[in-house]
Amino acid sequence: MNILFWSGGKDAYLALHFFRESQPKADLKLLTTYDESTDIVPHQNIPLSEIEEQTNYLDLDLISVGLPSQCPNKTYLERIKNALNELDQPIDNLIFGDWYLEDIREWREKVFGEMGYSCLFPIWQKELNDLLPILLLKPIEIKISAVKEEFQSLLKTGEPFDQKLVMQLQRLNEIDPMGENGEFHTKVIFKDPETLDNQPLIPGGR
């Protein structure tokens, strides 16, 4: 069993895409953490109900882990550990959508390694030109779901994250075009399957 940490945004979707591409037959579940006082996924600002809709669309099981607001790392890790321990199958890998942030990757490898888990990073240091076309595929639409206050003059919640926007952001020094430093977050919207001409959402997906 493999567990992919699912935020509902583009990086998690990309991680899912590339993992499925490399291991199309691997058993997989998604894990989402949310603020238990609001039922909202922090940072992405996505309601848990929409996460459930996404995972239903993908036909993947969801492990939802409630966290307190302003959750300290110790509590976060305890609740993740408890949720994983409740599974009735051994876990091969924990999968993350980290792209370039070394400190985040090192932290994950350390804390989850101490729990006995191996970590995979399917989009690690891939070129933007390898990632962007996946986000422009027919089955999905990406929208901005949250923007840090200091960048709200450049981005608006709800606007499409598309090639035009990325090109605009690439011309700016103060913001990463993929929001890698937390400048903004995104939400994946799956389109009506009746309009997709049977195009698969994820390589190897069910």
Look through the stretch 38-56, keep the residues that are closer than 16 Å to residue 70 by Cα and of a type in the set (A, V, I, L, M, F, W, C), and return whichever of them is surrounded by the most Cβ atoms within 10 Å (Cβ to Cβ).
41
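From the list 80, 104, pick out the single residue that is over 24 Å from residue 131 (Cα atoms), among the β-branched types (Val, Ile, Thr), within 17 Å of the chain's Cα centre (by Cα) and not in a loop (DSSP other than H, G, I, E, B).
Only one candidate qualifies: 80.
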Would the stretch 58-77 turn up any residue that is touching a residue at least 40 places away in the same chain (Cβ under 8 Å), charged (D, E, K, R) and on the phi < 0 side of the Ramachandran plot?
no
Just give me the residues in the stretch 107-140 being out of contact with any Cys (no Cβ under 6 Å at 6 or more places or on another chain), buried (at least 16 other Cβ atoms within 10 Å of the Cβ) and not in a loop (DSSP other than H, G, I, E, B), in sequence order.
111, 119, 120, 131, 132, 134, 135, 140
Is it the case that some residue within the stretch 59-71 is assigned to a helix (DSSP H, G or I), assigned by TED's automatic domain parsing to the domain that holds residue 17 and either out of contact with any His (no Cβ under 6 Å at 6 or more places or on another chain) or closer than 26 Å to residue 142 by Cα (or both)?
no
Among (1) surrounded by 16 or more Cβ atoms within 10 Å (Cβ to Cβ); (2) under 15 Å from the mean Cα position of the chain (by Cα), the one test that residue 147 misses:
(2)
If we scan the stretch 152-160, do we find a residue that is at pLDDT below 90 and in contact with a Leu (Cβ under 9 Å, 6 or more places away or on another chain)?
no
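The values are calculated or read from the model by the stated rules, or taken from the named source; none is laboratory data. Owing to the predicted nature of the structure, the values given are computational and were not obtained by experimental measurement. Please note: Cβ atoms are built from the backbone with ideal geometry, for glycine as well, and neighbour counts cover all protein chains shown.
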